[in-house]
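J.: Can you read through this structure? Questions will come right after.
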């Protein structure tokens, strides 16, 4: 969903080239919610900044639908002051509009599989530009990460890498059901409501910057 016809056409062209992805509709921000109600897509790529109805307003309305689709936010900015609000409002991630075309289809597949999409460049810029950003999310403090079990921390790191439950299970040799149980426990212990919020907390706690052994040693003193 984007107010620039050229952008919408470009995304449709790129995604339609994949045999396993069907682009059911594109629309402006003003038409977005009605289009989503009518077409019932699995995944929505939503521009965070639009002149008629901004993406955050659309996101809130979409999340109120009985069976809302997965929504990832699009931005042209490395750091956007609305990104954290979007994530805390239920977005499944964000990516930059200059994402390489050959990566876009795989990102959509990740979203469809229950994973999250977080542009590394944009993610770093958000945290650097908003050192107190955790106050705007459900971040309860990085000390809670240290209360996770070793296996839960392993799963949390893979969540932050954007993997779906099935992919996490394959990576660490667990059933998808067991991974689902771990994810539920992680969200409960961290007191967050989404995988994205858990991933941001993992990043803030430094889990993505150090080898697993170093992560565990540093967290044991929290």
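J.: Would you mind stating whether residue 66 is closer than 21 Å to residue 25 by Cβ and either assigned to a helix (DSSP H, G or I) or free of Cβ contacts under 8 Å to residues at least 40 places away in the same chain (or both)?
T.: Against the criterion (closer than 21 Å to residue 25 by Cβ and either assigned to a helix (DSSP H, G or I) or free of Cβ contacts under 8 Å to residues at least 40 places away in the same chain (or both)), residue 66 qualifies.
J.: Please determine whether any residue of the range 12-31 is free of Cβ contacts under 8 Å to residues at least 60 places away in the same chain and in contact with a strand residue (DSSP E or B) (Cβ under 8 Å, 6 or more places away or on another chain).
T.: Yes, the range 12-31 has at least one match.
J.: I've got another one for you. Just give me the residues in the range 38-58 being in contact with a strand residue (DSSP E or B) (Cβ under 9 Å, 6 or more places away or on another chain), crowded, with 19+ Cβ neighbours inside 10 Å and part of a loop (DSSP other than H, G, I, E, B), in sequence order.
T.: Answer for the range 38-58, where residues must be in contact with a strand residue (DSSP E or B) (Cβ under 9 Å, 6 or more places away or on another chain), crowded, with 19+ Cβ neighbours inside 10 Å and part of a loop (DSSP other than H, G, I, E, B): just 48.
J.: Test residue 61 against the criterion of being in contact (Cβ under 8 Å) with a residue 12 or more places away in the chain, loosely packed, with under 13 Cβ neighbours inside 10 Å and part of a helix (DSSP H, G or I), and give yes or no.
T.: Spelling it out, it is not the case that residue 61 is in contact (Cβ under 8 Å) with a residue 12 or more places away in the chain, loosely packed, with under 13 Cβ neighbours inside 10 Å and part of a helix (DSSP H, G or I).
J.: Out of the residues in the range 157-213 meeting the condition of being in a helix (DSSP H, G or I) and in contact (Cβ under 8 Å) with a residue 60 or more places away in the chain, tell me which one is surrounded by the fewest Cβ atoms within 10 Å (Cβ to Cβ).
T.: Result: 204.
J.: Which one is modelled with the highest pLDDT among residues in the range 74-93 that are closer than 23 Å to residue 20 by Cβ and assigned to a strand (DSSP E or B)?
T.: Within the range 74-93, the match that is modelled with the highest pLDDT is 74.
J.: Only one of 3, 34, 19 is out of contact with any helix residue (DSSP H, G or I) (no Cβ under 9 Å at 6 or more places or on another chain) and modelled with pLDDT of 90 or more; which?
T.: One residue alone meets the criteria, 34.
The values are calculated or read from the model by the stated rules, or taken from the named source; none is laboratory data. Note that the structure is a prediction, hence the values are computed from the model and not measured. Note that each Cβ is placed from the backbone with ideal geometry, even for glycine, and that neighbours are counted across all protein chains shown.
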